[in-house]
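A quick write-up on the structure given underneath.
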Amino acid sequence: MQAVIEADFHSIDLTLDSTNVSVICAPHSREKCDECDTDYTHLNRLSKVLSANPTLLCPPPPNVVNQKLSQIVNKTKEEGNALFRTHQWEKAIGRYNQAIGFATQRAPWEAQQLLREELSTVLSNRSAAYLENGDLVSALTDAEAVIQLKKAWSKGHFRKAKALIALGRMSQAKEAVQYGLQFDPANSVGGVLL
């Protein structure tokens with residue numbers, strides 16, 4: 001086994017950046033370097049999390065969830081929802097942007113399903129706000145992102161359909177609704193859109 005390891009081993013010329021937290025390739029001082037065929041992005045993300053939390057001796061098990069961060073994401077999303085209900089679309093979009101920013105700050109060892117749930121909900125809400133604000137392309141883009149994160153959630157497909165209808169792309173909107181109804185046949189919104 002040792003011979004196999006040694007036969008495949010090749011040294012990599014690396015160094016620490018000026019913060020002494022991130023690894024970079026020594027010849028080009030890059031975190032991701034195509035010339036050296038190295039990518040330290042994930043390693044550096046973990047390093048930054050650990051250095052920002054000096055009392056954390058090792059990453060906790062994956063079932064640990066930062067409840068405070070969950071509360072911040074939810075509170076910010078709800079503030080956006082309140083602004084949406086009062087037709088303050090741009091302010092709602094701003095709050096949704098903040099909620100997305102908070103959600104993406106999750107540590108790499110936290111459950112990715114939680115991140116997907118938070119992001120899909122906030123992106124869905126932001127899609128609706130973009131639609132109401134007249135930014136149809138952004139509404140469609142967010143709806144597509146929701147579908148990528150949570151394909152079986154009919155709401156993403158219906159958000160996509162509404163954006164497509166607003167863009168005048170009726171046949172694609174119909175396809176989106178029909179696809180969404182596969183996941184939630186009893187959804188009354190789908191029938192209205194068809």
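The values are calculated or read from the model by the stated rules, or taken from the named source; none is laboratory data. Everything numeric here is computed off the predicted structure, so don't read it as measured data. Quick reminder, even Gly has a Cβ in these numbers, built from the backbone with ideal geometry, and neighbours come from all protein chains shown. In case anyone asks, the SASA skips ligands and DNA or RNA and just uses the protein heavy atoms, side chains included. Shrake-Rupley method; radii C 1.70, N 1.55, O 1.52, S 1.80 Å.
From the list LEU50, LEU114, LEU16, LEU69, exactly one residue is in contact with a strand residue (DSSP E or B) (Cβ under 7 Å, 6 or more places away or on another chain) and hydrophobic (A, V, I, L, M, F, W, C). Which is it?
When all the criteria are applied, what remains is LEU16.
Could you grab me the full set of residues in segment 44-74 that are exposed (fewer than 13 other Cβ atoms within 10 Å of the Cβ) and modelled with pLDDT of 85 or more?
Once the filter is applied, which keeps residues that are exposed (fewer than 13 other Cβ atoms within 10 Å of the Cβ) and modelled with pLDDT of 85 or more, segment 44-74 yields GLN67, LYS68, GLN71.
Across segment 77-99, which residue is farthest from the chain's Cα centre (by Cα) among those that are touching a residue at least 24 places away in the same chain (Cβ under 8 Å), surrounded by 20 or more Cβ atoms within 10 Å (Cβ to Cβ) and closer than 27 Å to LYS48 by Cα?
Among those that are touching a residue at least 24 places away in the same chain (Cβ under 8 Å), surrounded by 20 or more Cβ atoms within 10 Å (Cβ to Cβ) and closer than 27 Å to LYS48 by Cα, it is LYS77.
Residues are listed down the side, and each one gets a yes or a no for (1) without any contact (Cβ under 8 Å) to a residue 24 or more places away in the chain; (2) of a type outside the set (Lys, Arg); (3) open to solvent by 60 Å² or more (accessible area, probe 1.4 Å):
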| residue | (1), (2), (3) |
| --- | --- |
| ASP13 | yes, yes, yes |
| ASP17 | yes, yes, no |
| SER22 | no, yes, no |
| ARG30 | yes, no, yes |
| CYS33 | yes, yes, no |
| ASP39 | yes, yes, yes |
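Please enumerate the residues belonging to segment 101-118 that are surrounded by fewer than 22 Cβ atoms within 10 Å (Cβ to Cβ) and assigned to a helix (DSSP H, G or I).
Step one: list which residues in segment 101-118 are surrounded by fewer than 22 Cβ atoms within 10 Å (Cβ to Cβ), which gives 101-102, 104-117.
Answer for segment 101-118, where residues must be surrounded by fewer than 22 Cβ atoms within 10 Å (Cβ to Cβ) and assigned to a helix (DSSP H, G or I): GLY101, PHE102, GLN112, GLN113, LEU114, LEU115, ARG116, GLU117.
Can you tell me which residue among SER154, SER127, SER120, SER171 is under 15 Å from GLU90 (Cα atoms) and of a type outside the set (D, E, K, R)? Write out each step before concluding.
Values: SER154 fails: under 15 Å from GLU90 (Cα atoms); SER120 fails: under 15 Å from GLU90 (Cα atoms); SER171 fails: under 15 Å from GLU90 (Cα atoms).
Sole residue among the options that is under 15 Å from GLU90 (Cα atoms) and of a type outside the set (D, E, K, R): SER127.
Kindly indicate whether any position in segment 123-138 is within 21 Å of LYS77 (Cα to Cα) and open to solvent by 80 Å² or more (accessible area, probe 1.4 Å).
Yes; the residues of segment 123-138 include at least one that is within 21 Å of LYS77 (Cα to Cα) and open to solvent by 80 Å² or more (accessible area, probe 1.4 Å).
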